[in-house]
Amino acid sequence: VLAFPPLLASSESFFIIGIKTLNNNNNNNNNNNMAVDRKNRKEEGEEEKKQEEVETPEPGTPWVEGKQADAGAMIQRIILVDMDNTLCDWEGAFEEAMRQHHPDVPLVPRSQRISWNHVDDYPPEYRQIVNQVCGIPGFFETMKENPGGIQALQDMVAEGNDVKIVSAPHPDYYAQCCAEKCKWVAKHLGQEWLPRLVLTPDKTLVQGHVLIDDKPTCQTGTISANWRHVLYSQTYNQDCEGPRLDSWREWRTSLPAKIPLSIANKETLYPNGIHFSCVFPSFNQYEIVRKTLAGLAKQKILSDFQFECIIVDNNSTDDIQQIYMDYRDKLDLRLIQRRKLENTFSVPSARNMGILAAKYDYIVGMDSDVIFDEYALENLYKFLSSRDASTPYIVTAERYFVATDDFTDADIMDDFSTCEKFPRILSKANYFKPRDNRFSHGHVLHNVRENVHPYAYYYGMHTAFPRKIWEAIGGYNEVYDGWWGYDDIHFAYEMMVKGGCIPVLLAGTEVYHQEPENSTWVPVGGVLTKTGDANPRLNKKANPNWQRICDTIPGYAEWKKEHYERLAGDIITL
């Protein structure tokens, strides 16, 4: 159960700091160029040989450009449904409780109610009583459904809609209300509906296409709501303008038949011009984060664009504030610190929080351990500015796995070519392959071009995309919080299938992926143990996110298993 909206935890403490406008192990390997030495990759098989035969394109031009899905036909509506006096007969529960506990208080008949807040319909001497009725144990749990509401929600889901129940807990009986509404949903719709329940006092923070709600003023909140309000008819909202639903039997005709994304309307994705918000979550790894920021600070900007950097820190014990202080004059930098987290491996929610705070229209998703090529943003701008501004592109590029323990951020700030001296390694993050495994084993160029699970190649550590499409699909799915991986694949899947993004692998935007601090690493050409114990990523059975992504994408499990078997014979899958 989500006790807060999926894009911003209203109960979570966080701080936004600063808003500013603005050498030893490397000699044995000699893998200092941006292209990995071919002699170290011959053993990787025929597929890699084919990949090597593809001539590297000019920086800022695609290795490969995929196809656009028919977003208008495939878009899944996100329908948000209120509980009190919409899905549930709150009014009936109130009247019954008043008759049972306060028979001496004259009831205002349902037909004469003129205020959404029922307290305002009663004389001052009764207002405390009528408010306290909601705190009677079992009040919310025992509400009946409004006729046809349960069946309507079940039909919505059966017909391919994404339905979420979004309800505001009573401010005076918050805990009781949350607990009882969870029980109500489980009782009337089943336990499987609990992940669809969002309890929040501010519904503007919840992403969707339509909100069905009896409250006339639910658009008022922290941000501008991106959903369309459809009033569920009650006596107190009859004077309000806009679409309405008089009965659950009419939901198919009262809701828009299709909710097109902005791309369907051919609106510009960059109303304020092409500028970049680089967003990444962080947790410790002090020296690595510094080198990541140094890479951004050394970007070569030749064109007319700006960029910012937003760090969302997941409660680090390292001195992340010192990093911010040291780089705030070198970058347009903001730091968001999250203070209360059940699990510091809360990546999707951190990405959403950072993007919500972003001021530019194109998001460059990163991890805290990647150093961008010094012309990466320039080449990304070069590509986007050459294309139609209403066509959405989701962009990634190759990764180079390196160890940076013997280098500092000051080395990079002094001379970016220092990055060419990083020793190339066989990284656990790359399943111990000398080249980015998407190229060496993943058939990436062919599969993106031919639309064979293209989203499988777009990792959170290096994926850029339009903010408008992120908004339209509802952001990263935060159910993946707390476990490693596949949140980025789910996100890329929805960006392409729902959002119509065209996948691109772009030359000149490569990144150096830094091995964690003080790791025991093996240079390219070295010998290692390729067992499941050596690489926990191979044990898929222990990771619930693997099951989630397999349940989400048709055919993904079978297809991905073949890929993993090419990577390692000891793979364990579900």
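The values are calculated or read from the model by the stated rules, or taken from the named source; none is laboratory data. Remember, predicted model here, so these are calculated numbers, not experimental data. Glycine also receives a Cβ, built like all others from the backbone with ideal geometry; neighbour counts cover every protein chain displayed. For the accessible areas, the whole protein counts, side chains as well, though only heavy atoms, and no ligand, DNA or RNA atoms are used. Shrake-Rupley method; radii C 1.70, N 1.55, O 1.52, S 1.80 Å.
Skip the ligands, DNA and RNA, and give the accessible area per residue of the stretch 97-164 with a 1.4 Å probe, whole Å².
Working: 3720 Å² over 68 residues.
Value for the stretch 97-164: 55 Å² per residue.
Give me the percent of the accessible area of the stretch 418-505 that comes from carbon and sulfur atoms, probe 1.4 Å, all protein chains in place. Provide the component values of the computation, followed by the final result.
Working: 990 of 2000 Å².
The computed percentage sits at 50.
What is the ratio of the Cα radius of gyration of the stretch 316-376 to 2.2 N^0.38 Å, with N the residue count, to two decimals?
Values: Rg = 13.0 Å, N = 61, 2.2 N^0.38 = 10.5 Å.
Dividing the Cα radius of gyration by 2.2 N^0.38 Å gives 1.23.
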(request) Taking amide H positions as placed in the peptide plane 1.01 Å from N, state which residues far from Leu211 in sequence (5 or more) or on other chains have amide H under 5 Å from it. (result) Leu80, Arg228, His229, Val230
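Tell me the per residue accessible area of the stretch 415-477 using a 1.4 Å probe; a whole number in Å² is fine. Please report the intermediate quantities before stating the final value.
Numbers: 1540 Å² over 63 residues.
Roughly 24 Å² per residue, with all protein chains present.
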(request) Treating each Cα of the stretch 76-130 as an identical point scatterer and ignoring solvent, apply the Debye formula and state log10 I(q)/I(0) at q = 0.26 Å⁻¹. (result) -1.17
(message) Set the bar at 25 Å for Cα to Cα. Now go through Lys330/Lys468; Lys298/Lys421; Lys330/Lys359; Lys300/Lys359; Lys187/Lys540; Lys144/Lys498 and name every pair that lies beyond it.
(response) Lys330/Lys468; Lys187/Lys540; Lys144/Lys498
(message) Once you place label points 7 Å from the Cα toward the Cβ at Asp406 and Ala179, how far apart are they in nm?
(response) 6.0
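What are the GluC sites (Glu not before Pro) within the stretch 324-379 that DSSP puts in a loop, where the Cβ has at most 15 other Cβ atoms within 10 Å? Please report the intermediate quantities before stating the final value.
Values: sites: Glu342, Glu374, Glu378; in loops: Glu342, Glu374.
The qualifying sites are Glu342.
Which length gain, in nm to one decimal place, applies between Ser417 and Ala158 when the Cα-Cα distance is subtracted from 0.36 nm times their residue separation?
Working: separation 259, 0.36 × 259 = 93.24 nm, distance 5.59 nm.
Between Ser417 and Ala158, full extension yields 87.7 nm more.
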(message) Multiplying the sequence separation of Lys561 and Gln132 by 0.36 nm and subtracting their Cα-Cα distance, what value in nm do you get?
(response) 148.7 nm
(request) Work out how much length Asp246 to Asn226 would gain on full extension: take 0.36 nm times their residue separation and subtract the Cα-Cα distance, in nm to one decimal. (result) 4.9 nm
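Treating only the Cβ of Lys, Arg, Asp and Glu as charged (+1, +1, -1, -1), what charge dipole size does the stretch 399-460 show about its Cα centre? Round to the nearest 20 debye. Can you show the working numbers first?
Numbers: 8 positive and 9 negative charges, 119 e Å.
Approximately 580 debye in magnitude.
Assuming R0 = 41 Å, what is the FRET efficiency of Asp239 and Thr268, from their Cβ-Cβ distance, to the nearest 0.05? Don't skip to the end; give the middle numbers.
Numbers: r = 37 Å, r/R0 = 0.90.
The value I calculate is 0.65.
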(message) At 1.4 Å probe radius, can you tell me the per residue accessible area of the stretch 268-348 in Å²?
(response) 39
(message) What FRET efficiency comes out for Ser390 versus Ile150 if R0 is 45 angstrom and r is the Cβ-Cβ distance? Round to the nearest 0.05.
(response) 0.65
(message) Defining a contact as two alpha carbons under 8 Å apart and six or more residues distant in sequence, what relative contact order in percent does the stretch 400-459 show?
(response) 28
(request) Mind ranking 552-562, 212-222 by how tightly packed they are, going by the mean number of other C-beta atoms within 10 angstrom, highest first? (result) 212-222, 552-562
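Let me check I have the definition right: for the stretch 401-460, take the eigenvalues of the Cα gyration tensor, multiply each by 5, take square roots. What are those semi-axes in whole Å, largest first? The partial results should precede the final answer.
Details: eigenvalues 180, 35, 17 Å².
In descending order the semi-axes read 30, 13, 9 Å.
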(request) Compute the distance in nm between two label points, each set 7 Å from the Cα along the Cα-to-Cβ direction, one at Ser111 and one at Thr217. (result) 2.8
(message) Suppose each label sits 7 Å from its Cα in the direction of the beta carbon; what would the Gln100-Asn518 distance come out to in nanometres?
(response) 6.1
(message) With just the Cα atoms defining each centre, how far is the stretch 345-391 from the stretch 94-162? Give it in Å.
(response) 46
(request) Starting at the first residue of the stretch 471-486, write each ³J(HN,Hα) from the Karplus equation 6.51 cos²θ - 1.76 cosθ + 1.60 with θ = phi - 60°, in whole Hz, x for Gly and Pro. (result) 5, 5, 8, x, x, 5, 7, 7, 5, 7, 4, x, 9, 7, x, 6
